[in-house]
Structures are given as structure tokens and as C-alpha cells.
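Read the structure below first, then the notes.
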Amino acid sequence: MDGQENPCDFWWGQVKYYATLAMERVSRGVDAVKQFLSTLNSDERWGVMMAIDEQAPVIFEQLTAAAPDWVEWLG
């Protein structure tokens, strides 16, 4: 690709960054996470949740236990 970054790699890197920001909000409560996710598009929201599950499964479990309707946020 002649030194160009793969768009998928760039997207995933961005989503991992967003996941870090979302995880910082977990301590402030579900509404803080939900509000942050609302600023992202649907693909980014799904990616953030996947990245949280990959990077910090305990935080993912805490978040999904506190918000059983979390899938509805992602649509």
C-alpha cells in the first residue's frame, strides 16, 4: 500500500482510543458511558464495546451487569 496506513488498522486504533475514554467513564456510572457512546456512530459504539471486552473483560462485565439493556444503545 505504498506506505499508506490500512484504513481498518486506523479505525481499530481509533476505536481502542475511544474504548479507553469510555472505560474512564465507567466509574462515573452507566449514564456517563451511555452519553459518551451517543457521540459515536453505530460501528464505533460496537467497536468500543468489543475493545472494552478485549482490553478489560472485568470492566466489560461490570458495565454490562449494570446496564443489561446496553445492546440497545449501540443500534
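Shown here are the Rg and Dmax of the Cα trace of region 1-55, at 12.5, 44 Å. The residues packed around Val30, meaning those with a beta-carbon under 15 Å from its beta-carbon, carry a net charge of -1 if Lys and Arg are +1 and Asp and Glu are -1. Of all the options Ala32, Ala22, Ala51, the one that moves most in a Gaussian network model of the chain with Cα springs shorter than 10 angstrom is Ala32.
Taking only Cα atoms, what is the 0 to 90° angle, nearest 10, from helix 42-55's long axis to the longest principal axis of the chain? So the inclination is approximately 80 degrees. By the helix-only formula, in which each DSSP H run with n ≥ 4 contributes -39500 (n - 2.57) and the sum is divided by residues, the chain has a 222 nm mean residue ellipticity of -23500 deg cm²/dmol.
Take every Cα pair under 8 Å whose residues are at least 6 apart in sequence, average their separation, divide by the length of the chain, and the relative contact order is 32 percent.
Taking 0.36 nm per residue of separation and subtracting the current Cα-Cα distance, fully stretching the chain between Gln55 and Trp73 would add 4.5 nm. What share of all Cα pairs of region 32-75, in percent, falls into each consecutive 5 Å distance bin? Histogramming region 32-75 at 5 Å steps yields 5, 24, 35, 28, 8 percent.
Bear in mind these aren't lab numbers, they're just calculated from the coordinates by the rules spelled out. Just so you know, these numbers come straight off a predicted model, no measurement behind them. Methodologically, a virtual Cβ is constructed for each residue, glycine included, from the backbone with ideal geometry; neighbour enumeration extends over all protein chains shown.
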